[in-house]
Amino acid sequence: MFKTQSAGNQRHKTSLVGTSETTCVAHNKFSEWISGLIDAKGNLKISKQGYISLEITMGLKDLYCLHFIQNVIGGSIKMRSGVKTWRYRLHHKLNIINLIKCINGHIRHNSRILQLHRICQVSNIPVIIPNSINYKTSWFTGVFDGNGIITITIVNELPLLSIKVVNQVMSNIKYFKEVFGGSIYFDNGKNGYYYWLIEQRSDILTLLDYFKTHTVRSCKSQRVHLINDYYVLYDLQAYKSDSIYFKAWEHFITKWNNVKR
């Protein structure tokens, strides 16, 4: 679907080229996933000259995630000066139009839908309204890669694992509650924002099961892979300083805090 680009930093060719059923499934998952990531961390832009571009900004530890996108659809990656983030940018005309066709019908963020509709209008592309969303779509993973948080906090002297997804607009995270349960809360910090939260083991394991077929590609994947270890050690009460498993708990916490790419 995507073509090789001529520029030196845009030479990557997609791995999605082909017509097999496996390729179609992979292509659809990528379309859903990158739509979720764009909803969380992206911007679809039209310049005064009418040029279309996509920008995705992520933290320093998520360079691997941006390289994955670059390897599929091309584009360039640069560190933003004075800010600890990477900026991915795609503006190659053919590839950006192919991408717009890919994500058309999968974008759900209020602001991003408006951006997409403007681009579709100037590009003469019919707008596709998103269908209802369910457990089978990779959109959730894309949003989680962008705005997800996995933490362990001490509550009543017990280590509590929780997963949340944040956004300033409640409607942009309501789908998580509809599909995976949990609750949505409002926080007054940082000019106010909403967050979807799950803390129950059953809810977290349901999400973990979902991630088995919808790959997390950000640095958050490292903590995702440690969730089962957390529950094993929690059940052993390894977090207690007098436990025979306490050294195993300390080793686990070291790995938990050592999130890097």
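Summary of values
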read-out	value
The chain: angle of helix 93-103 to the longest principal axis, Cα-based, in degrees nearest 10	50
Loop GluC sites (Glu not before Pro), region 147-256, which have at most 15 other Cβ atoms in a 10 Å radius of their Cβ (DSSP)	Glu157, Glu199
Efficiency of FRET from Cβ geometry, Glu157 and Asp209, R₀ 30 Å, rounded to 0.05	0.50
Cβ-based net charge around Ile103, under 12 Å, with every Lys or Arg adding one and every Asp or Glu removing one	+1
Distant-in-sequence amide H partners of Lys240 (H built 1.01 Å from N, under 5 Å)	none
C-alpha long axis of helix 110-123 to longest principal axis of the chain, angle in °	20
Ranked packing of 116-126, 51-61, 36-46, most packed first, by mean Cβ within 10 Å	36-46, 51-61, 116-126
Cross-link pairs beyond the 23 Å C-alpha cut-off, checked among Lys78/Lys190; Lys29/Lys174; Lys136/Lys164; Lys101/Lys212; Lys84/Lys190; Lys220/Lys240	Lys78/Lys190; Lys101/Lys212; Lys220/Lys240
Extension reserve of the Lys174-Val83 stretch, reckoned as 0.36 nm per residue once the Cα distance is removed	29.7 nm
Within a Gaussian network of the chain (alpha carbon springs, distance under 10 Å), most fluctuating of Asp187, Asp242, Asp203	Asp242
Amide H within-cut-off set for Gly105, under 5 Å, with H built and near neighbours excluded	Ile128
Hz values of 3J(HN,Hα) by residue in region 228-243 - Karplus curve (6.51, -1.76, 1.60), Gly and Pro given as x	4, 4, 4, 5, 4, 6, 5, 5, 7, 6, 5, 5, 6, 4, 9, 6
Spatial separation of Cα centroids for region 198-217 and region 146-165, in angstrom	14
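Each value in this text was obtained by applying a stated rule to the coordinates, not by laboratory testing. Only a predicted model underlies this, so the values are computations on that prediction, with no experimental measurement involved. A quick note on method: Cβ atoms are made from the backbone with ideal geometry, for glycine too, and the neighbour counts reach across all protein chains shown.
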